[in-house]
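Below is one structure; the comments refer to it alone.
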Amino acid sequence: MPELIDQYFLVDTRDTKFVTRFLDKYVPKREAICEYYIISTEYGEDEIEPENLDFVLLFYEHHVNTSYYIYLRNLDEDSLIAFAILTYTDDAKMVLGVSVIGSFNDVDDMRENTKIFNDIKAFTNSDTACMVLEEPPPSNTAEFIEFAELWKL
């Protein structure tokens, strides 16, 4: 079974339109990998159906002190990108990510992964980014910056 190299990019925005542009560019054919999303309000937790992803994105855009992970499967089997990962940090930022099929030990895989990484880094205009082997990012900016330093290219 192939490995997944996770690529993560810290961004200063939670803007739903920006997140949607990211998803549309890199994982245009996608589906949720969960049965429902959770949003927490002062009244408790609500389960939101996966087809209401736009509502969930909007909710977390405005609840800036709440962390949350969203994983989306890429339905395009010809793409090297297997998943999109959206990580809302607990301090008003966000880590956008993709899981790309490949191995750090294969030169051709790394060439393709580096192309994808550089393209997304330019798209997101991220100053802090990294590639890791199948490891979720921290949901706090300071912790993510430390995490990215450990995995710097």
For Phe83, the residues 5 or more places away or on another chain with a placed amide H closer than 5 Å to its own amide H are Asn74, Ser99
Cut-off 12 Å between beta-carbons: net charge of the residues surrounding Tyr60, Lys and Arg +1, Asp and Glu -1: -2
Cα-based helix-to-principal-axis angle, 141-150 vs the chain, degrees rounded to 10: 10
Excluding residues fewer than 8 places away in the same chain, name every one of the aspartates and glutamates whose C-alpha is closer than 12 Å to that of Lys29. Asp76, Glu77, Asp78
Kindly write out, for segment 73-88 in residue order, the coupling ³J(HN,Hα) from the Karplus curve 6.51 cos²θ - 1.76 cosθ + 1.60 (θ = phi - 60°), rounded to whole Hz, with x marking Gly and Pro. 7, 7, 8, 7, 6, 8, 8, 6, 7, 8, 9, 10, 10, 10, 10, 7
Residues other than Asp109 with Cβ under 13 Å of its Cβ, Lys/Arg counted +1 and Asp/Glu -1, net out at -2
Check the straight Cα-Cα distances from Lys25 and name the lysines below 19 Å, setting aside those fewer than 8 residues away within the same chain. Lys17, Lys115, Lys121
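The numbers here are math on the coordinates, done by the rules we state, and not lab data. Remember, it's a predicted structure, so these values are computed and weren't measured experimentally. For neighbour counting, all protein chains shown are included, and Cβ atoms are generated from backbone atoms with ideal geometry for every residue, glycine included.
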